[in-house]
1. Of the residues in the stretch 160-173, how many are more than 16 Å from SER132 (Cα to Cα) and open to solvent by less than 50 Å² (accessible area, probe 1.4 Å)?
2. Collect the residues in the stretch 47-64 that are touching a residue at least 40 places away in the same chain (Cβ under 8 Å) and open to solvent by less than 60 Å² (accessible area, probe 1.4 Å), keeping them in residue-number order.
3. State which residue pairs qualify: first residue among the hydroxyl-bearing types (Ser, Thr, Tyr) and inside the stretch 157-172, second residue exposed (fewer than 14 other Cβ atoms within 10 Å of the Cβ) in any location, beta carbons under 9 Å apart, and separation of 6 or more residues or different chains.
4. Can you tell me which residues in the stretch 76-133 are farther than 25 Å from TRP183 by Cβ, open to solvent by 40 Å² or more (accessible area, probe 1.4 Å) and not hydrophobic (A, V, I, L, M, F, W, C)?
5. Of the numbered conditions (1) open to solvent by 70 Å² or more (accessible area, probe 1.4 Å); (2) of a type outside the set (Gly, Ala, Ser); (3) within 13 Å of the chain's Cα centre (by Cα), ASP67 fails exactly one; give the number of that condition.
6. Pairs, please: C-beta under 6 Å, at least 6 apart or cross-chain, first residue open to solvent by less than 40 Å² (accessible area, probe 1.4 Å) and in the stretch 32-46, second of a type in the set (Phe, Trp, Tyr)?
7. Looking at GLU173, GLU177, GLU129, GLU136, can you tell me which residue is under 20 Å from the mean Cα position of the chain (by Cα) and acidic (Asp, Glu)?
8. Scan (1) of a type in the set (A, V, I, L, M); (2) out of contact with any Lys or Arg (no Cβ under 8 Å at 6 or more places or on another chain); (3) without any contact (Cβ under 8 Å) to a residue 60 or more places away in the chain; (4) not in a helix (DSSP H, G or I) for the single condition ALA150 breaks and write down its number.
Amino acid sequence: MMTSDRLKQAAMAMFAEQGYEGVSLAEIAGAVGVRTPSIYAHFASKEQLFLALFEDSLQADMSELADVLERTFGAPPLERMEAAFRHYTDLAPETAAGNFLRRSVLFPPRHLKEPLRKSFMGYEERLKECVSVVLEAGVAAGDFARQDPAALLALFCSLTNGLTMEQGIYDGETYQERQRILWDRFRTALVKG
């Protein structure tokens, strides 16, 4: 594995656990077994490393969503929407990548708040494009009621973002019940408008 990849892997785990402010470049270098100045051959700064990790995390998630939609291609639009919903809301084992992304969005380093926000907004635009294709197919097939797609996308994003944040709060059974209730409500909104 290349040093830059090893640095990213170590940094992600450390940032996920301790936050941006809780980790120094010296600690990251030590975890990889290199000297701190070696990091600068790969990343200009701690900020650049953090932003690269954030972009990588968003890109990985977008690739996973694209895979979900590709696997369900040809399925009824409602089934595809549920697959996208579950992609974001099914309970998954905790990972450094998931924890890093959640922590970065909820508690961004103050001086990186704006670039992180812009990056996330770009990601959400790509997400909306993917989900819009499924929504439009559902309307065209007569499976979904004609309604404002922007409102449906806002509802989808709010529901999935909210549930994603709740994964660490509720026990599995309570969480799954909340997930079921919210999917039922979203499905009703899709079908009845």
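1. The number of residues fulfilling the criteria is 6.
2. LEU49, PHE50, LEU51, ALA52, LEU53, PHE54, SER57, LEU58, ASP61, MET62
3. Every condition considered, the pairs that remain are TYR170/GLU177.
4. ARG103, ARG110, HIS111, LYS113, GLU114, PRO115, ARG117, LYS118
5. Every listed condition holds for ASP67 apart from (3).
6. none
7. The match here is GLU129.
8. Exception for ALA150: condition (4).
The values are calculated or read from the model by the stated rules, or taken from the named source; none is laboratory data. All of these numbers come straight from a predicted model, not from anything done at the bench. Neighbour counts are summed over all protein chains in view; Cβ atoms, including those assigned to glycine, are modelled from backbone coordinates with ideal geometry. Side chains are part of the model used for accessible areas, which takes the heavy atoms of the whole protein and leaves out ligands, DNA and RNA. Shrake-Rupley method; radii C 1.70, N 1.55, O 1.52, S 1.80 Å.
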